[in-house]
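Reviewing the structure listed below.
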Amino acid sequence: MKPSTYSKQYQELRLWLKAKREERGLSIRAVAEILQRHHSVIGKLEQDRRRIDIIELVAYCHAIGADPHEAIDVLEQSFSTKVLKSEQAANSTPNDNSQS
């Protein structure tokens, strides 16, 4: 099992966070200054080298002017997609190669 920082859900969340930051015209350094963190911490969050906890997620969202609920929705949708694909795979039947 892959560590969660490398999961599809984390990847989608990181991409969303970076896109929102860039939409607002903020650099990594600007966000770091707002959050009073070193810029390398913000870079690591966006580059899958550091996990983000829920408190950091909410703070990051506020710093970039994004709705934290949207971030949770991104995660929820990525889990829903994963569950849906699993259910579809479980419900599919293998091809019947026998002749009648």
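The values are calculated or read from the model by the stated rules, or taken from the named source; none is laboratory data. Model, not experiment: these values are computed from the prediction. So basically every Cβ, Gly included, is an ideal-geometry build from the backbone, and we count neighbours across all protein chains shown. What goes into the accessible areas is simple: the full protein's heavy atoms, side chains included, and nothing from ligands, DNA or RNA. Shrake-Rupley method; radii C 1.70, N 1.55, O 1.52, S 1.80 Å.
A few remarks follow.
- Seen from residue 18, the other residues with C-beta closer than 15 Å to its C-beta sum to a net charge of +1, counting Lys and Arg as +1 and Asp and Glu as -1.
- Percentage relative contact order, segment 2-65, counting C-alpha pairs under 8 Å, at least six apart: 38
- Whole-percent carbon and sulfur share, accessible surface of segment 19-60, 1.4 Å: 50
- Taking 7 Å steps out from each Cα toward its Cβ at residue 15 and residue 41 produces label points 2.7 nm apart.
- Label point distance in nm, residue 75-residue 24, each placed 7 Å from Cα along Cα→Cβ: 1.8
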